[in-house]
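Here's the structure, in structure tokens; my notes come after.
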Amino acid sequence: MKHMKQMVGAGVLALALTVTGCSAGGGGSDKPTVDNSKGAAETGALPTTAWTVADYASVKDGGTLNLAVDQMPDNWNTMQVDGNVKAGAQIIDPTTGGPVVNTVDGGWEINPDYATEVKLASDDPQVVEVKLNPKAVWEDGTPITWKDYDATIKANNGSNKDYQIVGDNVYKDIESVTKGDTDFDFKMTFKNKNADWPSILGGSTAGSAQTAVLPAAVASDVTAFNEGYKSKPLPSSGPFKVDKVDAAGQVITLVPNEKWWGQKPKLEKIIMKVVSRDALAQAYANKELDAFSIGTNKDNYETAKKRADGAVQQSGGLTWNHVTMNGSKGPLADVKVRQAVARAIDRDTISASRLSPIGAPVASQNSYIFMPGQKGYEDNATAIIGYDTAKSEALLKEAGYTKGSDGLMEKDGAKLEIAYTLDANNPVSEQIFKQIQANLKAVGITLKNNTVPADKFFSDYVLKSNFELTGFAWSGTAYPIASTESIFYPADAGQNFSGITDEKLGDMWAAANAELDPEKRIALANEIDKTIFAYTPVIPLTPTPNTLGVRTDLVNYGAAQFESIDWTTVGFKG
């Protein structure tokens, strides 16, 4: 179940909310045997990039790429909290860029279209120097300068609470941005060290744009930042621009940006249309789409395999679905109740039912920060929320609940009933809800179905913490430590929908972000992970690989874990 973290970009390399569009499959009553250590290793063995690679010269000139998205953007500014959804990031990805791009292995390198130099000039104090490409311009021809970066950083650093930002990760650690010899040179001086500094300079993962910079006129104006782009796209700074927005038909058309200064894009047009989850596979089978995300839907997987001129691609992923609990009120304000709910959920069965049907390694997600197979991943979940119905009932008794003759838990004469908010017409959401409902019933908790319109799920429910339990997925980045902070700390962070935190996390994250030694930093991150599990605001469920159906002659686009898409090379093989 996914709303793109996207949300995308918690602090520009943030996570992205995503609503999973996949069917969990059969379920079944027999608990499968899931070896999570083996599953994590097998997940790590998946390729990080699975798309067909082709050099620029071998890609045909022209052609239209047809893709699907979940929804129209709630806000075209992906740095604003309502705009932090995966669909919006997918749409703007061809229209944006920055000094840094992600490489196939999760590292970064300079993007010469936007910068001639990016370097860590000093460790103490931490100083990053950037030399912008003077040819880089906004859609109207205005040069992209240090002033744009200065205004963007100030808008996102949390100092002005009127800015409705996704997160202040990395930005809050910058003391100043100062101009160099020209308007195209600047340096960022940090008041607190942060090892994930490249994350705010670009580095989108495949199909999930991480906006690096806004025009200074937008970033320096609170109203423009929050509301100016609710219904219109931001100026392009990439190889494509938005040509037409058909709100009624829910279709967005992108064409090459005539002000683009780099290598000419191969495609003549990109069309992104809103397609319901239950219609995706058929649209692909009918050749209305050139690629689509299979997710964990067995029917989608089988349909994709049958397309004669298509293939299934599968890479490692950064997406993990979960259950978020609103701990700010009601019975879930008690940590023992939250942990009892978590202990009652058979996460391994849910993971097996979602991953086995698409031929993916089976493992449950047991970390909030790292993905299975990723360096630093440890199982910090099982000790606290491992499946144990006896322990679940014991925790409920410690919280003051007793089981009545009807098998239901109650306290002070009130039954323990919790509502689960889910998006309509999403087979995965429905299947997971049913599995969790059955699990909770076994320990005496009644789980009620609160299905809401899919196009309102994030805007009216998730983003407003208007739920007791809900489920979607976080789609992460190559910078998992800093980008995870705003999901859990502070309590009022733009992505902390649980409404609770542990105040120790502030200092712990500051220490982890400032640690430049990779091994020490991983150790600090796992201490953070254990601290979060101790108060259990979120129940991680399943790590999901990127699984796509892709037209066989489509190149340089498809399933990838880290690598940024070079939209100038995307096209069809001759």
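Structural remarks
- Within the option set Val462, Val452, Val428, being under 27 Å from the mean Cα position of the chain (by Cα) and within 21 Å of Ile500 (Cα to Cα) holds for one residue only, Val462.
- All positions within the range 530-569 that are of a type in the set (Val, Ile, Thr) and farther than 20 Å from Trp108 by Cα: Thr531, Ile532, Thr536, Val538, Ile539, Thr542, Thr544, Thr547, Val550, Thr552, Val555
Conditions (1) at pLDDT 95 or above; (2) in a helix (DSSP H, G or I); (3) of a type in the set (Lys, Arg), marked per residue:
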residue	(1), (2), (3)
Ala89	no, yes, no
Glu129	yes, no, no
Glu139	yes, no, no
Ala155	yes, yes, no
Lys161	yes, no, yes
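- The residues on offer are Leu17, Leu65, and the sole one that is within 30 Å of Asp246 (Cβ to Cβ), outside any loop (DSSP other than H, G, I, E, B) and modelled with pLDDT of 90 or more is Leu65.
- Highlighted here are the strands (runs of 3 or more DSSP E) found entirely within the range 197-294 that include at least 2 residues which are surrounded by fewer than 23 Cβ atoms within 10 Å (Cβ to Cβ): 240-246, 251-256, 269-274.
- Hey, Arg277 of a type in the set (Lys, Arg), under 25 Å from Tyr420 (Cα atoms) and in contact (Cβ under 8 Å) with a residue 60 or more places away in the chain or not: yes
- Filter result (free of Cβ contacts under 8 Å to residues at least 60 places away in the same chain, closer than 14 Å to Ser237 by Cβ and of a type in the set (A, V, I, L, M, F, W, C)) within the range 116-146: Leu132
- Qualifying positions in the range 52-108 - under 22 Å from the mean Cα position of the chain (by Cα), surrounded by fewer than 21 Cβ atoms within 10 Å (Cβ to Cβ) and hydroxyl-bearing (Ser, Thr, Tyr): Thr103
- Residue list for the range 378-419, filter: buried (at least 17 other Cβ atoms within 10 Å of the Cβ), touching a residue at least 60 places away in the same chain (Cβ under 8 Å) and hydrophobic (A, V, I, L, M, F, W, C): Ala381, Ile385, Leu396, Ala399, Leu416, Ile418
- Here Gly158 passes the criteria (1) without any contact (Cβ under 8 Å) to a residue 60 or more places away in the chain; (2) surrounded by fewer than 15 Cβ atoms within 10 Å (Cβ to Cβ); (3) more than 30 Å from Lys375 (Cα to Cα) except the one numbered (2).
- Of all the criteria given as (1) assigned to a strand (DSSP E or B); (2) more than 20 Å from Ala40 (Cβ to Cβ), the one not satisfied by Thr542 is (2).
- Test result for Glu109, in a strand (DSSP E or B), among the acidic types (Asp, Glu) and under 30 Å from Thr52 (Cα atoms): yes
- Residues (modelled with pLDDT of 95 or more and either touching a strand residue (DSSP E or B) at 6+ places or on another chain (Cβ under 9 Å) or under 30 Å from Asp105 (Cα atoms) (or both)) located in the range 488-506: Phe488, Tyr489, Asn496, Phe497, Ser498, Ile500, Leu505, Gly506
- Looking across the range 302-326, just one residue is outside any strand (DSSP E or B) and crowded, with 24+ Cβ neighbours inside 10 Å, and that is Ala304.
- Between Gly499, Gly494, the distinction of being assigned to a loop (DSSP other than H, G, I, E, B) and over 17 Å from Met325 (Cβ atoms) belongs to Gly494 only.
- Taking each residue of the range 460-484 that is over 23 Å from Leu440 (Cβ atoms) and modelled with pLDDT under 95 and looking for partners that are in a loop (DSSP other than H, G, I, E, B) and of a type in the set (Asp, Glu) with beta-carbon atoms closer than 8 Å, six or more apart or interchain, yields Tyr479/Asp196; Ile481/Asp196; Ala482/Asp196; Ser483/Asp196.
- Evaluation of Gly558 against (1) at positive phi; (2) free of Cβ contacts under 8 Å to residues at least 60 places away in the same chain (one fails), failing number: (2)
- Filter result for Lys504 (in contact with a helix residue (DSSP H, G or I) (Cβ under 8 Å, 6 or more places away or on another chain), within 30 Å of Glu268 (Cα to Cα) and not acidic (Asp, Glu)): no
- Inside the range 513-551, residues that are farther than 22 Å from Thr324 by Cα and either at pLDDT 95 or above or surrounded by fewer than 24 Cβ atoms within 10 Å (Cβ to Cβ) (or both) make up a count of 16.
- Every residue from the range 473-507 that is out of contact with any Leu (no Cβ under 9 Å at 6 or more places or on another chain), hydrophobic (A, V, I, L, M, F, W, C) and under 17 Å from Asn84 (Cα atoms): Ala493
- Look at (1) surrounded by 15 or more Cβ atoms within 10 Å (Cβ to Cβ); (2) under 17 Å from Leu332 (Cα atoms) and you find that Thr451 fails only one, number (2).
- The set of residues from the range 354-369 being out of contact with any Ser or Thr (no Cβ under 8 Å at 6 or more places or on another chain) and crowded, with 24+ Cβ neighbours inside 10 Å comprises just one member, Ser367.
The values are calculated or read from the model by the stated rules, or taken from the named source; none is laboratory data. All values reported here derive from a predicted model rather than from experimental measurement. As a convention, Cβ positions derive from the backbone with ideal geometry for all residues, glycine included, and neighbour counts pool all protein chains shown.
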